[in-house]
Amino acid sequence: MPSILVINSGSSSLKYQLIDMVTEETLASGLIERIGQPDGVATHKFGDARTEQLLPVPDHSEACRIMRASFDEHGPSLEASELIGIGHRVVHGGARFFEPTLIDHVVKINIEDLSELAPLHNPGAVQGIDAAEREFPGLPMVAVFDTAFHQTMPPEAYTYAIDLDVAQKYRVRKYGFHGTSHRFVSRAAAEYLGRPVEDLKQIVLHLGNGASASAIDGGKSVDTSMGMTPLPGLVMGTRSGDIDASVLFHLARRGKYSIDDLDELLNKRSGLLGVAGVSDSRDVQERADKGDERAQLATQVFRRRVKFYIGAYAALLGGVDVISFTAGIGEHSAEVREGSISGLERLGIELDTARNRADGSGIRTISTDSSPVTILIVPTNEELEIARQAQAVIAG
């Protein structure tokens with residue numbers, strides 16, 4: 001029963017899942033929060049049991065020790081689970097990493113060097129890798145990059161029309177994110193339809209607190225809505241998505257906003273939060289249903305942006321075979337799906353309202369039987385995708 005341990009390490013948290021690579025089921029999972037603080041919280045789930053500890057977690061090394069102790073004390077046994085390796089989620093691989101990569105000293109140096117492109121994420125990943133290496137010496141470890149799937153984009157997709165010398169000097173280009181999810185969903189959709197992924201033109205809509213769209217042709221990403229950072233593209237919980245860059249110049253000149261002020265505004269005080277006053281789409285929808293005008297406007301802006309990208313990517317692909325909704329909002333909000341799809345019938349995109357509103361689980365079709373484009377709900381599983389990629393690298 002070979003298993004892979006998947007670790008997602010942030011600056012102040014460490015999430016993990018142990019996955020059975022035969023059944024592809026999650027054996028156990030956990031979350032260690034408030035790393036670096038005296039009041040840390042460690043949660044571990046195994047079967048129907050859930051344990052929670054309140055204890056200091058000074059650093060990632062202690063977090064890894066707590067994680068391993070949780071397996072030893074609460075199960076399952078890592079030895080009995082035949083742990084063969086660890087897959088680490090790394091947000092930014094820049095233009096250097098095109099595929100999952102076995103971690104060594106040079107790879108860690110490169111991940112750290114790319115921290116200037118992901119200062120909130122890559123440093124935590126390196127700390128998690130270092131800690132895991134100390135706790136599991138000799139065990140193969142694989143870095144799986146959020147950006148890697150989108151490295152198949154052609155130059156005309158990832159190039160920004162600014163001075164190329166400036167762009168190259170400062171590594172300014174579109175990289176894209178959520179690649180692990182987009183890859184998993186596009187392959188799951190093809191398998192569900194019983195068609196080779198190479199034969200399909202797909203649009204994947206990863207709609208959550210962070211949201212992105214991708215155009216996938218023959219299993220390869222040819223464009224995506226996020227850019228050099230996760231800020232642009234779709235409207236998100238607290239991020240603005242696409243915005244005229246001159247707005248920043250205007251706020252800096254007239255409002256005396258600093259660079260840090262603008263960063264906080266666009267990343268932490270915009271999106272649904274900025275328009276509706278709350279960032280959770282469920283709260284926004286509840287307020288909208290009660291007649292709150294700001295919440296109603298927020299839902300309209302959100303759905304219009306999704307519809308815009310559907311149309312843009314359908315044109316870019318020269319037609320589309322499959323549109324998949326995934327992540328928290330995409331999988332659970334019938335209103336968002338309906339609002340994003342309605343009016344696109346002339347593009348061959350026909351939603352079945354009853355199917356869309358029906359309760360269900362797993363992959364399911366929500367388009368009409370006559371729709372030229374198949375519309376799906378596809379639950380994403382980024383941890384399983386990381387485990388699969390890690391296993392493939394370890395197997396050689």
Practice task
Exactly one condition in (1) surrounded by 12 or more Cβ atoms within 10 Å (Cβ to Cβ); (2) on the phi < 0 side of the Ramachandran plot is not met by GLY176; state its number.
Solution key: (2)
Problem - Within the stretch 1-29, tally of residues that are of a type in the set (D, E, K, R), more than 9 Å from GLU383 (Cβ to Cβ) and open to solvent by 40 Å² or more (accessible area, probe 1.4 Å) - result: 2
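Can you pull out every residue in the stretch 269-307 that is of a type in the set (A, V, I, L, M, F, W, C) and touching a residue at least 24 places away in the same chain (Cβ under 8 Å)?
Passing the criteria: LEU272, LEU273, VAL275, ALA298, VAL301, PHE302, VAL306.
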Exercise for the section: Enumerate the pairs (first residue in the stretch 152-180 and under 30 Å from LEU384 (Cα atoms) and of a type outside the set (Val, Ile, Thr); second residue anywhere and open to solvent by 30 Å² or more (accessible area, probe 1.4 Å) and not in a loop (DSSP other than H, G, I, E, B)) with beta-carbon separation below 7 Å, excluding pairs fewer than 6 apart on the same chain, so at least 6 apart or on different chains. Expected result: MET153/VAL222; PRO154/VAL222; ALA157/VAL222; ARG173/TYR158; LYS174/TYR158
Practice task
Evaluate the stretch 75-83: report whether one residue or more is touching a Pro at 6+ places or on another chain (Cβ under 7 Å), surrounded by fewer than 19 Cβ atoms within 10 Å (Cβ to Cβ) and touching a residue at least 60 places away in the same chain (Cβ under 8 Å).
Solution key: yes
Problem - Check on ILE386, closer than 16 Å to PHE149 by Cβ and in contact with a Ser or Thr (Cβ under 9 Å, 6 or more places away or on another chain) - result: yes
Completion exercise
Residue count, the stretch 35-62, condition assigned to a loop (DSSP other than H, G, I, E, B) and buried (at least 17 other Cβ atoms within 10 Å of the Cβ), comes to 1
Handout entry: Qualifying positions in the stretch 180-199 - touching a strand residue (DSSP E or B) at 6+ places or on another chain (Cβ under 7 Å) and crowded, with 20+ Cβ neighbours inside 10 Å
Key = THR180, SER181, HIS182, VAL185, SER186, ALA189
Fill in the blank from the handout: Those residues of the stretch 97-120 which are buried (at least 17 other Cβ atoms within 10 Å of the Cβ) and in a loop (DSSP other than H, G, I, E, B) amount to PHE97, PRO100, ILE103, LEU117, ALA118
Fill in the blank from the handout: Of the residues in the stretch 348-390, those that are assigned to a helix (DSSP H, G or I), open to solvent by 10 Å² or more (accessible area, probe 1.4 Å), of a type outside the set (Ser, Thr, Tyr) and more than 19 Å from HIS182 (Cα to Cα) number 3
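Yes/no matrix, rows are residues, columns are (1) at pLDDT 95 or above; (2) on the phi < 0 side of the Ramachandran plot; (3) open to solvent by 70 Å² or more (accessible area, probe 1.4 Å); (4) part of a loop (DSSP other than H, G, I, E, B):
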| position | (1), (2), (3), (4) |
| --- | --- |
| ASN267 | no, yes, no, no |
| VAL301 | yes, yes, no, no |
| ARG305 | yes, yes, no, no |
| GLY311 | yes, yes, no, no |
| LEU316 | yes, yes, yes, no |
Practice task
Output the number of the condition that GLY194 fails; it satisfies all remaining conditions of (1) over 27 Å from ARG304 (Cβ atoms); (2) under 12 Å from the mean Cα position of the chain (by Cα); (3) of a type in the set (Gly, Ala, Ser).
Solution key: (2)
Completion exercise
When restricted to ILE84, ILE35, the only residue modelled with pLDDT under 95 and closer than 23 Å to ILE103 by Cβ is ILE35
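The values are calculated or read from the model by the stated rules, or taken from the named source; none is laboratory data. Bear in mind the structure is a predicted one, so any value in this text is a computation, not a measurement. Neighbour counts are summed over all protein chains in view; Cβ atoms, including those assigned to glycine, are modelled from backbone coordinates with ideal geometry. When the accessible area is computed, the model is the full protein with side chains, heavy atoms only, and any ligands, DNA or RNA have been set aside. Shrake-Rupley method; radii C 1.70, N 1.55, O 1.52, S 1.80 Å.
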